[in-house]
1. With the requirement that a residue be free of Cβ contacts under 8 Å to residues at least 24 places away in the same chain, within 19 Å of Asp124 (Cβ to Cβ) and not hydrophobic (A, V, I, L, M, F, W, C), what does region 67-91 give you?
2. Might you check whether a residue that is exposed (fewer than 15 other Cβ atoms within 10 Å of the Cβ), among the charged types (D, E, K, R) and touching a residue at least 12 places away in the same chain (Cβ under 8 Å) occurs anywhere in region 135-142?
3. Restricting attention to region 108-126, which residues are crowded, with 22+ Cβ neighbours inside 10 Å and either farther than 13 Å from Ala60 by Cα or at pLDDT below 95 (or both)?
4. Among Ile12, Ile104, Ile64, which is in contact with a strand residue (DSSP E or B) (Cβ under 6 Å, 6 or more places away or on another chain) and in a strand (DSSP E or B)?
5. Pull up region 68-89, narrow it to residues that are open to solvent by less than 40 Å² (accessible area, probe 1.4 Å) and not in a helix (DSSP H, G or I), then point me to the one that is nearest to Ala16 (Cα to Cα).
6. Given the structure, is Ala92 assigned to a helix (DSSP H, G or I) and open to solvent by 10 Å² or more (accessible area, probe 1.4 Å)?
7. Checking the structure you have, find out if any residue of region 50-66 is of a type in the set (A, V, I, L, M), open to solvent by less than 50 Å² (accessible area, probe 1.4 Å) and farther than 14 Å from Asp124 by Cα.
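The values are calculated or read from the model by the stated rules, or taken from the named source; none is laboratory data. The shown structure was predicted, so the numbers you read here are calculated from the model rather than taken from an experiment. Cβ sites come from the backbone with ideal geometry, for glycine too, and all protein chains shown count toward neighbours. Ligands, DNA and RNA are excluded from the accessible area calculation, which covers all protein heavy atoms including side chains. Shrake-Rupley method; radii C 1.70, N 1.55, O 1.52, S 1.80 Å.
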Amino acid sequence: MSRLTLQEADAIAQGALAKARELKCSPMTVAVVDAGGAAMVMKREDGSGVLRPDIAFAKAWGPIGMGIGGRAMAKRAMDTPTFWASLNTISAGRIAPIAGGVLILKEGRVVGSIGMSGDLPDNDEACCIAGAQSAGFGTEGGEAALGKQ
């Protein structure tokens, strides 16, 4: 069974932060969770806001819980806001239906998720995708065009 190791999760987070510096994003926070939603890596850059770790975790945890990326959750939340408000209550605030969280794929299977917070949602998402790809993983649920922001 494919799983995400701590070394891989750390490489993903480092790759995401490297992309954030390349794009000259505001100070970022990144969270990587495993396929069960357990936190594996959390990194907060100097100057990143105090709420950013909670937001990054929610952007990572939501895709694991729902099986879709943050961008798709945001679209669905627009159509059914009461349902998504209920999910947020049920999950104790662990779901953030907004771009900036994507599923991490290894050998075609979901092994975790990454979420970022600190800049515009499109930039957060682009950094997530870049981080996973830089460590040799695929992603699902992200549509940001890398480098276009």
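1. Of everything in region 67-91, those that are free of Cβ contacts under 8 Å to residues at least 24 places away in the same chain, within 19 Å of Asp124 (Cβ to Cβ) and not hydrophobic (A, V, I, L, M, F, W, C) turn out to be Lys75, Arg76, Asn88.
2. Looking through region 135-142, none of the residues is exposed (fewer than 15 other Cβ atoms within 10 Å of the Cβ), among the charged types (D, E, K, R) and touching a residue at least 12 places away in the same chain (Cβ under 8 Å).
3. Scanning region 108-126 gives Gly118, Asn123, Ala126.
4. Numbers: Ile12 fails: in a strand (DSSP E or B); Ile64 fails: in a strand (DSSP E or B).
Testing whether each residue is in contact with a strand residue (DSSP E or B) (Cβ under 6 Å, 6 or more places away or on another chain) and in a strand (DSSP E or B) leaves just Ile104.
5. Within region 68-89, the match that is nearest to Ala16 (Cα to Cα) is Gly69.
6. Working: assigned to a helix (DSSP H, G or I): no; open to solvent by 10 Å² or more (accessible area, probe 1.4 Å): yes.
No: the conditions fail for Ala92.
7. Residues of region 50-66 of a type in the set (A, V, I, L, M): 50-51, 55-56, 58, 60, 64, 66.
Narrowing the set further to residues that are open to solvent by less than 50 Å² (accessible area, probe 1.4 Å) leaves 56, 58, 60, 64.
Subsequent filtering for residues that are farther than 14 Å from Asp124 by Cα retains 64.
Yes, because at least one residue in region 50-66 is of a type in the set (A, V, I, L, M), open to solvent by less than 50 Å² (accessible area, probe 1.4 Å) and farther than 14 Å from Asp124 by Cα.
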